[in-house]
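*Asks:* Below: one structure in structure tokens.
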Amino acid sequence: MTLLQDPPAHTGTEPVRASRRGRGALLAAGLLAALLLLALASAGIGAYRIPLGDVLASLQHRTGLGGHPLDRTAESVLWNIRLPRVVLAVLVGASLGCAGALMQGVFGNPLAEPGVIGVSSGAAVGAVGAIVLGAGFLGTWTVSAFAFAGGLVTVVLVYAMSRSGGRTEVVTLILTGIAVTAFAGALIGLFVFFADNAQISQITFWQLGSLAQATWPKVLAVLPCAVLGLAVAPLYARRLDLLALGEGPARHLGVEVERLRVALILVVALLTAAAVAVSGIVSFVGLVVPHVLRMAHGPGHRFLIPGSALGGAVVLTAGDLAARTLAAPAELPLGVLTALVGSPFFFWLLRRTRRKQGGWA
Amino acid sequence: MIGVFGRRTRELPEAVPHGGLAAEADGVRVLRGRRAVLDGASVGVRAGEVLALVGPNGAGKSTLLAALAGDLAPAAGSVRIGGRAAGEWSAPELALRRAVLPQTAELSFPFPVAEVVRMGRAPWAGTVREAEDAAAVAEAMAATEVAGFAARPFSALSGGERARVALARVLAQRTGLLLLDEPTAALDLRHQELVLRICRERAAAGDAVVVVLHDLGLAAAYADRVGVVHGGTVAAAGPPAEVFGAELLGRVYRQPVEVFPHPRTGVPLVVPDRRTTGADIPSKHPA
């Protein structure tokens with residue numbers, strides 16, 4: 001019997017758990033360090049270079065920890081252009097990464113992602129609608145609110161249409177995503193048809209996905225959505241673990257599945273809306289980041305959810321830095337860049353899933 | 001520590017005294033679409049006994065088990081768990097009182113085996129019995145012989161290994177009522193016996209165990225009572241020696257059988273009567 005041949009190291013469960021936790025802390029620390037370095041680098045690098053020492057000095061000065069102010073141009077570039085953009089990249093990346101991890105958990109399907117299943121498109125319809133209709137009754141939050149509504153409607157729609165028997169099959173999910181994206185595309189097209197030139201350029205920016213128009217008011221506009229979503233998400237980690245067993249067993253273990261599902265869908269819509277409202281459609285971050293982390297540290301959501309937020313922030317900060325600098329002085333659209341890197345990964349994932357299941361049947 | 005299910009305090013269940021009714025279905029009617037899958041099914045399970053549910057495919061065994069688990073709202077009749085109507089318990093309260101092994105064990109993400117078994121402890125998080133977690137998990141894994149691959153991902157296991165891990169998770173939950181849907185289906189001879197010995201041990205420790213079985217020999221050897229489910233109702237219930245008659249089983253399964261006592265133990269043995277095909281026995285299935 002194979003039981004007797006296994007190495008004794010595998011018989012105890014506690015050491016496994018302890019080493020796993022240690023590795024998680026290490027991974028989180030690494031991601032955090034990477035994020036800090038990238039953020040500082042991103043604040044300094046660009047058409048107008050600001051040396052790292054100056055960035056640190058100005059940061060210290062503004063926070064009252066010593067340091068010194070820079071000259072007027074440098075100070076203005078740093079505080080009015082670079083930093084809001086860095087902060088926005090962190091917020092959007094964290095929202096997308098976290099939304100991806102949550103969505104995969106609630107669909108019980110590792111291929112679910114806001115971009116892939118069309119939720120980003122739905123949120124974009126809301127945002128574009130807000131622009132074209134000139135809605136402004138909620139001030140700077142109008143676009144976010146519309147994006148939230150659009151994202152919410154879409155995620156509910158996809159959820160309802162792609163599930164059967166408590167499970168979501170890969171094919172159904174992807175096909176539903178295609179249908180929803182097509183419909184959302186048509187709606188956006190309709191809005192474009194009725195839009196004037198200024199609105200059209202604004203809408204184009206949406207569809208490509210970019211952080212180029214980052215300002216502090218924009219940061220403030222998404223801050224509540226993103227922070228609320230990110231703060232609430234980890235509370236669902238253990239229940240998401242149980243949900244991996246399927247709905248019935250999760251319920252047998254005391255999870256109120258219906259309530260959990262509604263709450264998580266709201267959180268996903270909130271996070272996606274936060275991201276889409278300021279950056280347009282930036283896809284695949286929510287797919288790639290949780291996947292890489294799952295490979296590195298297993299599928300437990302207690303690490304995966306905060307880890308994906310952190311990882312998403314790292315990826316988007318790096319991505320935005322690349323988008324600004326690779327083709328300087330021109331700027332690549334961020335969404336195009338993430339799709340260029342993310343699509344092949346998605347393709348590989350599809351192949352692997354198919355091989356594992358032995359076909360799509 | 002804050003429990004998974006918030007700060008709300010839950011009353012810990014009191015053990016049902018030996019011989020007391022742990023769960024009971026009374027005249028339960030369950031509809032799937034327009035068809036009644038169960039109609040007037042009644043069965044009870046007492047603390048300290050193993051009740052086996054047997055019957056042909058599609059007879060309603062799993063549905064009856066699900067009803068006893070409080071998963072279904074019956075269209076008629078009632079289900080009581082721990083002396084209270086099943087519908088009056090919340091999901092977290094029920095999770096402290098009954099554990100359910102589903103027919104198939106699935107997992108969306110490749111959790112390691114030890115993590116899967118530990119999930120069985122989730123209902124107790126935030127209660128005093130959280131202190132038992134490590135012991136309950138270790139005991140369940142040892143009993144089901146899965147400790148040898150504790151660190152392997154669930155997705156890398158064979159069907160039989162998965163089934164045992166799922167059972168370990170259910171045992172780790174340490175509830176007074178165990179509902180097992182075909183726990184032996186994917187298992188080899190040795191592990192089938194192992195699982196039913198575990199059922200007996202749990203019953204001896206005062207738990208109520210309901211187990212859906214296809215193997216009538218296993219049911220006869222290990223169950224205190226068997227319920228023969230047929231056409232959405234419990235056709236007969238009682239000790240195996242009384243219930244397992246050739247006439248009843250032949251009619252229910254539409255396959256003639258011979259029943260005779262084991263020469264040494266006296267446990268009834270059920271063997272298909274292979275001289276006839278059973279084609280001449282009319283179907284009593286309510287279409």
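The values are calculated or read from the model by the stated rules, or taken from the named source; none is laboratory data. All figures in this text were calculated on a predicted structure; none of them were measured in a lab. Cβ sites come from the backbone with ideal geometry, for glycine too, and all protein chains shown count toward neighbours. SASA here: full protein model, heavy atoms, side chains in, ligands and nucleic acids out. Shrake-Rupley method; radii C 1.70, N 1.55, O 1.52, S 1.80 Å.
*Asks:* In what sequence, highest mean first, do B:95-103, B:14-22, A:143-151 appear when ranked by Cβ atoms within 10 angstrom? Display every interim value, and only then the final one.
*Replies:* Values: B:95-103: 23.4, B:14-22: 15.2, A:143-151: 25.8.
By packing density, highest mean first, the sequence is A:143-151, B:95-103, B:14-22.
*Asks:* Treating the Cα atoms of the range A:50-357 as identical point scatterers in vacuum, please give the log10 of the normalised Debye intensity I(q)/I(0) at q = 0.06 Å⁻¹, two decimals.
*Replies:* Here the Debye-derived log intensity ratios amount to -0.20.
*Asks:* Now for a different question. To the nearest 20 debye, what charge dipole does the range A:50-357 have about its Cα centre, counting +1 at the Cβ of each Lys and Arg and -1 at the Cβ of each Asp and Glu? If you can, show how the numbers build up before the last one.
*Replies:* Details: 20 positive and 12 negative charges, 174 e Å.
Computed charge dipole of the range A:50-357: roughly 840 debye.
*Asks:* Something else about it: How many Å² of accessible area per residue for the range A:50-357, probe 1.4 Å?
*Replies:* Numbers: 12200 Å² over 308 residues.
Per residue, the range A:50-357 has an accessible area of 40 Å².
*Asks:* Please compute how much accessible surface disappears when A pairs with B, both sides summed, using a 1.4 Å probe, and round it to the nearest 100 Å². Working shown, then result.
*Replies:* On the way: alone 17380 and 13730 Å², together 28000 Å².
Chains A and B together bury approximately 3100 Å².
*Asks:* How many percent of Cα pairs in chain B exceed 29 Å? If you can, show how the numbers build up before the last one.
*Replies:* Numbers: 14626 of 41041 pairs.
Result: 36 percent of Cα pairs exceed 29 Å.
*Asks:* Still on this structure, I have one more. Select from A:Leu111, B:Ala69, A:Trp216 the residue farthest towards the positive end of the dipole of the protein assembly as shown; place +1 on Cβ of Lys and Arg, -1 on Cβ of Asp and Glu, and compute about the Cα centre.
*Replies:* Value computed over the given set: A:Trp216.
*Asks:* Based on a Kirkwood Rh over C-alpha pairs, give the Stokes-Einstein translational diffusion coefficient of the range A:36-140 at 20 °C and viscosity 1.002 mPa s in µm²/s.
*Replies:* It comes out at roughly 128 µm²/s.
*Asks:* Still on this structure: Which value, in debye to the nearest 20, describes the size of the charge dipole of chain B about its Cα centre when Lys and Arg Cβ atoms bear +1, Asp and Glu Cβ atoms bear -1, and nothing else is charged? Show your work: numbers first, answer last.
*Replies:* Details: 32 positive and 30 negative charges, 90 e Å.
That gives a dipole near 440 debye.
*Asks:* Suppose only helical runs count, i.e. DSSP H with n ≥ 4. What mean residue ellipticity at 222 nm does that imply for the protein assembly as shown under -39500 (n - 2.57) per run, divided by all residues and rounded to the nearest 500 deg cm²/dmol?
*Replies:* Values: 25 runs with 343 residues, N = 648.
Calculated mean residue ellipticity at 222 nm is -17000 deg cm²/dmol.
*Asks:* Among A:Val132, A:Ser279, A:Thr204, whose Cα sits farthest toward the positive end of the charge dipole of chain A (+1 at Cβ of Lys/Arg, -1 at Cβ of Asp/Glu, about the Cα centre)?
*Replies:* A:Ser279
*Asks:* Related question: Considering the alpha-carbon set of the range A:223-282 alone, what are its Rg and its Dmax in angstrom?
*Replies:* For the range A:223-282, the Cα-based Rg and Dmax read 13.5, 41 Å.
*Asks:* Report in % the part of the accessible area of chain B that belongs to carbon and sulfur, leaving out ligands and nucleic acids; probe 1.4 Å.
*Replies:* Details: 6400 of 12230 Å².
Of the solvent-accessible surface of chain B, carbon and sulfur hold 52 percent.
*Asks:* First select every other residue whose beta carbon is under 13 angstrom from the beta carbon of A:Pro234; then total the charges, Lys and Arg +1, Asp and Glu -1. Before the final figure, lay out each step's value.
*Replies:* Values: positive: A:Arg238, A:Arg239, A:Arg302; negative: A:Asp241.
Around A:Pro234, the charge tally is +2.
*Asks:* Still on this structure: Positive end of the dipole of chain B, charges at C-beta (+1 Lys, Arg; -1 Asp, Glu), about the Cα centre: which of B:Ala203, B:Val28, B:Val170 has its Cα farthest in that direction?
*Replies:* Value: B:Val28.
*Asks:* When the dipole is taken about the Cα centre of the range B:166-287, and only Lys, Arg (+1) and Asp, Glu (-1) are charged at their Cβ, what size is it in debye, to the nearest 20? Provide the component values of the computation, followed by the final result.
*Replies:* On the way: 13 positive and 13 negative charges, 23 e Å.
So the dipole magnitude of the range B:166-287 works out to roughly 120 debye.
*Asks:* Continuing with the same structure: Per residue of B:112-122, count partner chain C-beta atoms within 10 Å of its C-beta, then hand back the mean as an integer. Write down the numbers at each step before the final one.
*Replies:* On the way: counts 8, 3, 7, 9, 3, 1, 3, 8, 5, 1, 8.
Counting Cβ atoms of other protein chains within 10 Å of each residue's Cβ and averaging gives 5.
*Asks:* Here's a follow-up. Taking only the alpha carbons of the protein assembly as shown, what extent do you get along each of the three principal axes, in Å, biggest first?
*Replies:* Computed over the Cα atoms, the extents are 100, 55, 45 Å.
*Asks:* Within 10 Å of each Cβ of B:62-71, how many other protein chain Cβ atoms are there on average? Display every interim value, and only then the final one.
*Replies:* On the way: counts 0, 0, 0, 0, 1, 0, 0, 3, 2, 3.
Rounded to a whole number, the mean comes out at 1.
*Asks:* Hey, another quick one. Could you check how much of the accessible area of the range A:165-228 is carbon and sulfur, as a whole percent, using a 1.4 Å probe? Show your work: numbers first, answer last.
*Replies:* Working: 2570 of 3430 Å².
Carbon and sulfur atoms account for 75 percent of the accessible area of the range A:165-228.
*Asks:* Using Stokes-Einstein with the Kirkwood hydrodynamic radius over Cα pairs, what translational diffusion coefficient do you get for the range B:1-140 at 37 °C and a viscosity of 0.692 mPa s, in µm²/s rounded to a whole number?
*Replies:* Working: Rh = 17.0 Å.
In µm²/s, the coefficient rounds to 194.
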